[in-house]
Amino acid sequence: MSEPREVTVLGSTGSIGRQAIAVARQNPDRLRITGLAAGGGDVALLAEQALSLGVRTVAVARATAAQDLQLAFYAAAQHRGWAQGNYALPEILAGPRAAEELATRPADVVLNGISGSIGLRPTLSALAAGRTVALANKESLVAGGELVTAAAAPGQLVPVDSEHSALAQCLRGGARGEVARLVLTASGGPFRGRTAEELAGVTREQALAHPTWDMGPVVTINSATLVNKGLELIEAHLLFDVPYADIDVVVHPQSIVHSMVTFADGATIAQASPPDMRLPIALALAWPDRLPDVQPALDWSAASTWEFAPLDDEVFPAVRLARQAGEAGGVVPALYNAANEEAVAAFTAGHLSFPGIVQVIARTLDAAPDLGAPTSVEDVLAAEKWAREHARAAIGGDV
């Protein structure tokens, strides 16, 4: 039997990271986690993960968290009853570039589960180091665009999002020249069917109550606005090199069919499974192979109904805006993403209404100067800086 595939997990204390660790623990003969990175907000969990997995290296984004992590290692070890000095501490990397450095360390797969466009540098570092990148950090692909796709060899980027994992699986059903359309499914979020007027008073708590998925707060709010589906639209174009005109979005509230591919002869192949992120995570880590018994399959002995409906672009314009941003190209998708991150933070803090999130994105895109195509990470960061400043001004009523 071959050696287990070595995996580095970036964002290990987040939702994707925790589930990736659970998948690896279920398959110790296939996967071995050797490196972990996290922001540093939960050093106790990070220390417990590192010691229980026996990783070589741990990275924390907050430099001040390094000492706290060291103390957490000792506390976790004592809790396990280990005598001081009878165990090996992992190497600790600390600082804003720590995840980027860890991404270059020896591993077969780097799972990027960092939230936000700060995941761009680690993605590029892992690609440059020749690692397979299991990409849950869609923002780094959206913001980096051609910087990322140009840096990736064929097959080096493997999607973790359930929709893009579904597309990758469906695309096995035919040759690339036979593909007619990609169809992304969207749950519609917690406010499906509401009018624009009914969205005006939506609270933070309501936006965080997703009907089918258990995700982090930013992704959950993005799902409620459908910005998440807009980002996935751009990601699908970049991952699979399919024109935007040939990518559809359809509302499917049950979140059972995760996406579909329509082929030239009129056949449509869909990937269906209960909504559980462990399946796309496991597939990305073991790609192109499948791991056994990752999650329960659909129960065909029970009656069920699956619904599909067109997306209401008037009430939820985020996908239309994303399509426009993607077609404009260059750094415009980065502006879309950065403006959204600022708007979501303002909504979460109570400084912006729920409809205001997408309104801020639209105003930012409308005011965007021609910044051209990015040639470096610095170009992307400069574009994001402009977008964040404009978005903050829009939120404050200054533009």
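The values are calculated or read from the model by the stated rules, or taken from the named source; none is laboratory data. All of these numbers come straight from a predicted model, not from anything done at the bench. Heads up, the Cβs are rebuilt from the backbone with ideal geometry, glycines too, and the neighbour counts pull from every protein chain shown.
Summed over region 236-257, the residues that are over 23 Å from PRO274 (Cα atoms) and either among the hydrophobic types (A, V, I, L, M, F, W, C) or not in a loop (DSSP other than H, G, I, E, B) (or both) give a count of 9.
Within the set LEU171, LEU199, LEU120, the sole residue that is over 22 Å from ASP246 (Cα atoms), surrounded by fewer than 23 Cβ atoms within 10 Å (Cβ to Cβ) and either among the charged types (D, E, K, R) or touching a residue at least 12 places away in the same chain (Cβ under 8 Å) (or both) turns out to be LEU199.
Might you let me know whether region 67-89 holds any residue that is of a type outside the set (Gly, Ala, Ser), more than 27 Å from THR375 (Cβ to Cβ) and within 23 Å of the chain's Cα centre (by Cα)? No, region 67-89 contains no residue that is of a type outside the set (Gly, Ala, Ser), more than 27 Å from THR375 (Cβ to Cβ) and within 23 Å of the chain's Cα centre (by Cα). Inside region 328-344, residues that are closer than 19 Å to ARG121 by Cα and not in a helix (DSSP H, G or I) make up a count of 2. Among the residues of region 345-388, those identified as surrounded by fewer than 14 Cβ atoms within 10 Å (Cβ to Cβ) and either in a helix (DSSP H, G or I) or of a type outside the set (S, T, N, Q) (or both) are ALA349, GLY350, HIS351, ASP366, PRO369, ASP370, GLY372, ALA373, GLU378, LYS385.
Could you please find all residues in region 62-76 being crowded, with 20+ Cβ neighbours inside 10 Å and either under 26 Å from ILE118 (Cα atoms) or in contact with a Ser or Thr (Cβ under 7 Å, 6 or more places away or on another chain) (or both)? Steps first, please.
Kept after step one, since they are crowded, with 20+ Cβ neighbours inside 10 Å, are these residues of region 62-76: 65, 69, 72-73, 76.
Passing the criteria: ALA65, LEU69, ALA72.
Restricting attention to region 258-297, the residues that are among the hydrophobic types (A, V, I, L, M, F, W, C), closer than 28 Å to GLY193 by Cβ and more than 19 Å from the chain's Cα centre (by Cα) add up to 4.
For ALA168, indicate whether it is under 20 Å from the mean Cα position of the chain (by Cα), over 25 Å from ALA373 (Cα atoms) and not assigned by TED's automatic domain parsing to the domain that holds GLY41.
On the way: under 20 Å from the mean Cα position of the chain (by Cα): yes; over 25 Å from ALA373 (Cα atoms): yes; not assigned by TED's automatic domain parsing to the domain that holds GLY41: yes.
The answer is yes for ALA168.
Somewhere in region 135-156, is a residue among the β-branched types (Val, Ile, Thr) and either touching a strand residue (DSSP E or B) at 6+ places or on another chain (Cβ under 7 Å) or assigned to a strand (DSSP E or B) (or both)? Looking for residues that are among the β-branched types (Val, Ile, Thr) and either touching a strand residue (DSSP E or B) at 6+ places or on another chain (Cβ under 7 Å) or assigned to a strand (DSSP E or B) (or both), one finds none in region 135-156, hence no. Counting only helices (runs of 4 or more DSSP H) that sit wholly inside region 1-108, those with at least 2 residues that are acidic (Asp, Glu) are 98-102. Here is the figure for region 157-186: residues that are in a loop (DSSP other than H, G, I, E, B) and under 19 Å from ARG323 (Cβ atoms) total 1.
Considering only residues of region 306-327 that are of a type in the set (A, V, I, L, M) and in a helix (DSSP H, G or I), which is surrounded by the most Cβ atoms within 10 Å (Cβ to Cβ)?
Kept after step one, since they are of a type in the set (A, V, I, L, M), are these residues of region 306-327: 309, 311, 315, 318-319, 321-322, 325.
If we keep only those that are in a helix (DSSP H, G or I) as well, we get 318-319, 321-322, 325.
Values: ALA318: 25, VAL319: 24, LEU321: 22, ALA322: 31, ALA325: 26.
So, considering only residues that are of a type in the set (A, V, I, L, M) and in a helix (DSSP H, G or I), the one surrounded by the most Cβ atoms within 10 Å (Cβ to Cβ) is ALA322.
Of the residues contained in region 128-148, one or more are found to be modelled with pLDDT under 95, of a type outside the set (Ser, Thr, Tyr) and surrounded by fewer than 17 Cβ atoms within 10 Å (Cβ to Cβ).
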